[in-house]
Amino acid sequence: MQPLLRISYSVCMANNGSSTEKGFHVFATQAANWVGTKWAFLIALLSILIWIVTGPYFHYSDTWQLIINTGTTVITFLVVFLIQNTQNRDARAIHLKLDEIIKSIDKAQNEMIDIEHLSDAELQRLTEKYQKVRAEYEARGPRDTGEPE
């Protein structure tokens with residue numbers, strides 16, 4: 001049932017943007033979902049088995065080898081872009097959800113909102129800041145959780 005939810009979500013999300021963006025969004029999401037299925041794996045496995053079995057018939061020629069090399073290269077090249085597109089959208093949505101959670105918590109530090117757009121140097125400074133916070137916490141000693149050890 002989950003794949004139907006993904007497709008429905010994809011179709012709903014495609015209502016925003018130009019028709020080209022809508023079409024690519026729907027296509028990329030559905031294609032990325034499909035290439036992760038057992039059926040896609042079985043088709044790829046069957047293709048390779050057929051290629052191996054036809055080796056003796058074609059005398060393991062250069063053309064026979066070129067067919068599998070070209071096919072797998074083209075498919076890999078295209079699938080990388082589809083998966084990257086899907087991961088970029090997912091990461092953007094996760095960042096926005098986390099930003100909303102940070103914004104809604106009174107004690108949260110709002111400086112953490114939208115940090116994915118900071119430079120590497122700025123991210124390193126934040127990392128060092130929180131490593132110091134962790135070191136200070138550990139220096140205070142073990143917390144009493146009330147549970148027996």
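The values are calculated or read from the model by the stated rules, or taken from the named source; none is laboratory data. Since this is a predicted model, take the numbers as computed values, not measurements. Because the Cβ atoms are built from the backbone with ideal geometry, glycine has one as well, and the counts that use them run over all protein chains shown.
Every condition in (1) at pLDDT below 85; (2) hydrophobic (A, V, I, L, M, F, W, C); (3) surrounded by 12 or more Cβ atoms within 10 Å (Cβ to Cβ) holds for Leu4 except the one numbered (3). Somewhere in the stretch 118-126, is a residue within 22 Å of Trp34 (Cβ to Cβ) and surrounded by fewer than 10 Cβ atoms within 10 Å (Cβ to Cβ)? No; the residues of the stretch 118-126 include none that is within 22 Å of Trp34 (Cβ to Cβ) and surrounded by fewer than 10 Cβ atoms within 10 Å (Cβ to Cβ).
For the stretch 65-87, filtering for residues that are surrounded by fewer than 11 Cβ atoms within 10 Å (Cβ to Cβ) and either within 20 Å of Ile113 (Cβ to Cβ) or of a type in the set (Val, Ile, Thr) (or both) leaves 5. Six or more apart or on different chains, Cβ atoms under 7 Å: show the pairs whose first residue is in the stretch 102-124 and part of a helix (DSSP H, G or I) and whose second is charged (D, E, K, R). From residues that are part of a helix (DSSP H, G or I), the pairs are Asn110/Lys103. Inside the stretch 24-39, residues that are closer than 13 Å to Asn85 by Cα and not β-branched (Val, Ile, Thr) make up a count of 8.
Here Ala91 clears all of (1) surrounded by 12 or more Cβ atoms within 10 Å (Cβ to Cβ); (2) under 23 Å from the mean Cα position of the chain (by Cα) except the condition numbered (1). One residue alone among Val26, Val11 is assigned to a helix (DSSP H, G or I) and either modelled with pLDDT of 95 or more or within 17 Å of Asn88 (Cα to Cα) (or both), and that residue is Val26.
Every condition in (1) modelled with pLDDT of 90 or more; (2) surrounded by 10 or more Cβ atoms within 10 Å (Cβ to Cβ); (3) in a helix (DSSP H, G or I) holds for Gly55 except the one numbered (3).
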